[in-house]
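S.K.: Handing you a structure now.
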Amino acid sequence: MYETDVVVIGGGPAGLMASNAAAEAGASVLLIERFAHLGGQLIKQTHKFFGSEKQYASVRGIDIPSRIAEERALVEDRVTIWTRSTVLGLFEDGVITVDRDGKYCKIRPSRIIVATGASEKFLTFPNNDLPGIYGAGAVQTMMNVYGVCPGRRVLMVGAGNIGLIVSYQLLQAGVEVVAVVEGLPNIGGYAVHASKIRRAGVPILTSHTLLRADGVDGVESAVIAQIDNRWQPIPGSSKSVSCDVICISVGLSPLTELLWQAGCDMRYVPQLGGYVPLRNERLETTVPEIYIAGDVAGIEEASAAMVEGRLAGLEAAASLGLGFTTLDDERADLCQQLDELRAGPSGEKIRSGLVKAGIA
Amino acid sequence: MDDQRIESHPILQFEKSAVLSFTFDGQPMQGREGDTVASALFANGVQVFGRHFKTKRARGFYCAIGNCSSCLMVVNGKSNVRTCTTYLEEGMVVETQEDRGNLLRKRQVGQALDVSKGASDDV
């Protein structure tokens, strides 16, 4: 049985920051990551981040994990990292079971921070199982991590930030983007991203939907149509578009399986991407000693995930009586950073979701 | 091997790593060190990774990060391998999966079932 103060599940932006924070506060930390690399989905984010300097603004996502690793070097005697390790279960007696590169292990931590991230949502339409229909994040992984083009002509479905950013990155990789289709009457992502791909000649078709895909053993074309304000296709507006890839970018769902298993109270909050755990302001769930950070707590940008990670790490350590004299100041600063990231019209959805997921 | 590889990119540099040989349904192919099985197949222009066990409709990957199970294949005789998160190794035998997977298949290709994994306890 491996014993440690804090286990952090997931080595993405939230988990990395949580590990550092808990270790800085004096806790022994075990960071568990199922892949061979740390960084989660940052490793494919070639764009520069927004936010403030504290969230690595203007640094490309791909460069952030090494920046966090530099900070970890200061506390590395307290941080143990297991990669290629998948958490299998959280049990009532506080034991965590792990498949560590094929070996079954048990861990007893004093605190658990779940930072498992999210998975891509899917869409229902005829022939949606054809090869060539990929998540936008999947295409981003193929291009930016492995250097492989997903195809020649891509139709992007969804004009949120991921759809817009991946469209631009497809262009950077030399792939044609036929169009971006968006069901809403307006573009969901930031205008700066939309402008970039529009300037490159890619049309963004709002109030349009994907009706079906066609092809044998792979996508050969897609049928799109304009929709009215009741989301019904407008007769006569449908047209066939030649493409070999359809990218689905219609949002993410929190990866909450472990939290369900642990018995955390969950609530369906569409603004946060689906079922999310109820949590207090310290990011603790209804199961004492289990904390959350990042997309598993509700879908947001990686910047917010990093701030939440740091907060959860400090809170988990503080609950063990660990910390530093300036803890209260730092806690207030982190909460203010989150407020700033969630400010304005673009944060309205998150703010309304968090009201439903919060508990005293 | 490099049909689908990105040649030039404004931000990223893809170094040509060591070549690894593998087979896909008996056909010799080459990938590169650092590839997953899925990215190596993709670079070779293969996008059908499996077939639905009943309808036989083609299956490819979807999420590429180990969440969705759409990319399951038979690798070195083992069924239900997530090819999007399994790194390519020299001499790998990769096959299209057309059933729900069979634990006994590994024996059929002459390899003993490895039951020791999972049996060990404390670290």
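The values are calculated or read from the model by the stated rules, or taken from the named source; none is laboratory data. This is a predicted model, so every value here is computed, not measured. As a convention, Cβ positions derive from the backbone with ideal geometry for all residues, glycine included, and neighbour counts pool all protein chains shown.
S.K.: Of the conditions (1) within 11 Å of chain B (Cβ to nearest Cβ); (2) within 18 Å of the chain's Cα centre (by Cα), A:L88 clears all except one; give me its number.
M.R.: The one condition A:L88 does not meet is (2).
S.K.: Filtering the stretch A:105-117 down to residues that are more than 11 Å from chain B (Cβ to nearest Cβ) and in a strand (DSSP E or B), which residue is farthest from B:T86 (Cα to Cα)?
M.R.: Residues of the stretch A:105-117 more than 11 Å from chain B (Cβ to nearest Cβ): A:109-115.
Narrowing further to those that are in a strand (DSSP E or B): A:109-114.
Values: A:P109: 29, A:S110: 32, A:R111: 31, A:I112: 27, A:I113: 26, A:V114: 24 Å.
Once the filter is applied, the top-ranked residue is A:S110.
S.K.: Hey, can you tell me all the residues within the stretch A:186-211 that are on the phi > 0 side of the Ramachandran plot and either among the charged types (D, E, K, R) or surrounded by 12 or more Cβ atoms within 10 Å (Cβ to Cβ) (or both)?
M.R.: Step one: of the stretch A:186-211, the residues on the phi > 0 side of the Ramachandran plot are A:201, A:207.
Across the stretch A:186-211, the qualifying residue is only A:S207.
S.K.: Among what's in the stretch B:53-74 and is of a type in the set (S, T, N, Q) and over 14 Å from the mean Cα position of the chain (by Cα), pick the residue that is farthest from the other protein chains (Cβ to nearest Cβ).
M.R.: Only one residue tops the list, namely B:T55.
S.K.: Now for a different question. Filter the stretch A:260-278 for residues that are part of a helix (DSSP H, G or I) and free of Cβ contacts under 8 Å to residues at least 60 places away in the same chain and give the result. Steps first, please.
M.R.: First, the residues of the stretch A:260-278 that are part of a helix (DSSP H, G or I): A:260-262, A:270-272.
Correct list: A:W260 only.
S.K.: Condition check: within 18 Å of the chain's Cα centre (by Cα) and surrounded by 18 or more Cβ atoms within 10 Å (Cβ to Cβ). Does A:A262 satisfy that?
M.R.: no
S.K.: Shifting gears a bit: Say whether the condition of being touching a Phe, Trp or Tyr at 6+ places or on another chain (Cβ under 6 Å), part of a helix (DSSP H, G or I), touching a residue at least 24 places away in the same chain (Cβ under 8 Å) and within 16 Å of A:V157 (Cβ to Cβ) is met by at least one residue in the stretch A:195-209.
M.R.: Yes; the residues of the stretch A:195-209 include at least one that is touching a Phe, Trp or Tyr at 6+ places or on another chain (Cβ under 6 Å), part of a helix (DSSP H, G or I), touching a residue at least 24 places away in the same chain (Cβ under 8 Å) and within 16 Å of A:V157 (Cβ to Cβ).
S.K.: Exactly one of (1) more than 10 Å from chain B (Cβ to nearest Cβ); (2) over 23 Å from A:I9 (Cβ atoms); (3) touching a residue at least 40 places away in the same chain (Cβ under 8 Å); (4) not in a strand (DSSP E or B) is unmet by A:T124. Its number?
M.R.: Only one criterion in (1) more than 10 Å from chain B (Cβ to nearest Cβ); (2) over 23 Å from A:I9 (Cβ atoms); (3) touching a residue at least 40 places away in the same chain (Cβ under 8 Å); (4) not in a strand (DSSP E or B) is unmet by A:T124, namely (3).
S.K.: Looking at the stretch B:20-50, which of the residues that are farther than 17 Å from B:R82 by Cβ and in a strand (DSSP E or B) is nearest to the chain's Cα centre (by Cα)?
M.R.: B:T23
S.K.: Filter the stretch A:131-175 down to the residues that are facing chain B (nearest Cβ under 7 Å) and of a type outside the set (G, A, S) and list them by number.
M.R.: A:P131, A:Y134, A:T141, A:M142, A:M143, A:N144, A:Y146, A:V148, A:C149, A:Q172
S.K.: Among the listed residues B:G50, B:G77, which satisfies the condition of being away from chain A (no Cβ under 12 Å) and touching a Lys or Arg at 6+ places or on another chain (Cβ under 7 Å)?
M.R.: Just a single option satisfies the conditions, and that option is B:G77.
S.K.: Got at least one residue in the stretch A:130-153 being in contact (Cβ under 8 Å) with a residue 12 or more places away in the chain, surrounded by fewer than 24 Cβ atoms within 10 Å (Cβ to Cβ), touching a Gly at 6+ places or on another chain (Cβ under 7 Å) and not in a loop (DSSP other than H, G, I, E, B)?
M.R.: No, the conditions are met nowhere in the stretch A:130-153.
S.K.: Which of the residues belonging to the stretch A:279-335 are part of a helix (DSSP H, G or I), crowded, with 17+ Cβ neighbours inside 10 Å and charged (D, E, K, R)?
M.R.: A:D295, A:E308, A:R310, A:E315, A:E330, A:R331
S.K.: Could you please find all residues in the stretch B:1-41 being at the interface with chain A (Cβ under 9 Å from one of its Cβ atoms) and of a type in the set (F, W, Y)?
M.R.: Matches in the stretch B:1-41: B:F14 only.
S.K.: At positive phi and either modelled with pLDDT under 95 or not in a strand (DSSP E or B) (or both) - does that describe any residue in the stretch B:10-19?
M.R.: Looking through the stretch B:10-19, none of the residues is at positive phi and either modelled with pLDDT under 95 or not in a strand (DSSP E or B) (or both).
S.K.: Of the residues that make up the stretch A:32-41, is at least one acidic (D, E), modelled with pLDDT of 90 or more and surrounded by 18 or more Cβ atoms within 10 Å (Cβ to Cβ)?
M.R.: The answer is yes, given that some residue of the stretch A:32-41 is acidic (D, E), modelled with pLDDT of 90 or more and surrounded by 18 or more Cβ atoms within 10 Å (Cβ to Cβ).
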